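Accompanying notes for the structure given below.
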Amino acid sequence: MRAQRHPPAVYFVDDNFIGNRKATREMLPHLVAWQKQHGYPLQLSCEATLNIAKQTEILALMREASFKGIFVGIETPEADALKAMRKEQNVSLPMLQSIKTLNDYGLEVTSGIILGLDTDTDDTESRLKDFIELSKIPMLTINLLQALPKTPLWDRLARDQRLVDDQTRESNVRFLRPYDEVVAMWRRSIAYANDPERLFDRFWHQVDATYVNRKLAPARGKLTWSNLSGAAVLAFRILLYLVILSDYRRPFLRAARHAFKRRQYDAMLGIAFIGYHLIEFTREALRGEQNASFYSRARMDLGQAAAEHEELAPIRKSA
């Protein structure tokens, strides 16, 4: 992997990095030693259940090994707890406290959110927006529920005759709520989450809450021709697409300047790269060019515009 042209990022694809905590604890010291021996050439990420926040020994080793990100399938926020959080700001919420703990070890959280669940209510959208604001998670993968074969969900929905074989739909599930209403909620939710002002504000927060808590690795592992040339190309594209051509240069530059002042140079590049793709994905989705689920086979007619709603207007603009 180090010999490849772009070797710096390695993702552990185990569904749960701590599925076997004993094995994880035994493996991590070897990974730390390898990183130290080679000058920390790799940045690492993984996915795990949120209760990894309780495993502080493992989190400390992950920080030493230069883990930067972690995907957590939160699926849906705890609505009642979020309500309480809005009223009692000094009462710690387990979910939010767990996210903060991960941030304290330098791990930026990516959250998986699913809409179209049987438990969705009229308040689901507003509670999701509350969660976005309170958690300050920059990247949220918000999808519609999709049933996959050979899973308990598929079997249950098949028994209830709630599977739909229609490739024009965004999901193969017959929701309990009206289909068009659920899809519209998905559009409004991604528009809200990836509005440039809100998105880069959450990245601004991550600079102080997460990035400064990461281990400072020696430069020698990164000073390779591949890394330097790649960084130069990325910097040029950032200048072109996010500063010169974009209509969201101001919120981006605000977050980038903050990262630069805190000497978070790698983070500044990440903010630009991830922010750009989240915004562009959202705009494509609102134009009907992206699916509402990673597993959906649907492709909406490009002539179908997103629902005319004032909340969508700012992000529908072309980049």
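The values are calculated or read from the model by the stated rules, or taken from the named source; none is laboratory data. Worth saying up front: this structure is predicted, and the values here are computed from it rather than measured. All Cβ positions, glycine included, derive from the backbone under ideal geometry; neighbour counts span all protein chains shown. Accessible surface is based on the protein model in full, side chains and every heavy atom, while ligands, DNA and RNA are left aside. Shrake-Rupley method; radii C 1.70, N 1.55, O 1.52, S 1.80 Å.
Of all residues in the stretch 256-265 being assigned to a helix (DSSP H, G or I) and touching a residue at least 40 places away in the same chain (Cβ under 8 Å), which is most open to solvent (accessible area, probe 1.4 Å)? Checking each candidate, the answer is His258.
Pairs linking a residue in the stretch 202-227 that is more than 26 Å from Leu278 (Cα to Cα) and modelled with pLDDT of 75 or more to a residue that is part of a helix (DSSP H, G or I) and open to solvent by 40 Å² or more (accessible area, probe 1.4 Å), with Cβ atoms under 9 Å and 6 or more positions apart or on different chains, are Lys215/Arg63; Lys215/Glu64.
Considering only residues in the stretch 266-319 that are modelled with pLDDT of 90 or more and in contact with a strand residue (DSSP E or B) (Cβ under 8 Å, 6 or more places away or on another chain), the one that is most open to solvent (accessible area, probe 1.4 Å) turns out to be Ile274.
Filtered by the rule that a residue be open to solvent by less than 30 Å² (accessible area, probe 1.4 Å) and in contact with a Phe, Trp or Tyr (Cβ under 7 Å, 6 or more places away or on another chain), the stretch 133-173 gives Pro138, Ile142, Asn143, Leu144, Ala147. Of the set (1) within 16 Å of Gly106 (Cβ to Cβ); (2) touching a residue at least 60 places away in the same chain (Cβ under 8 Å), all apply to Pro41 but (1).
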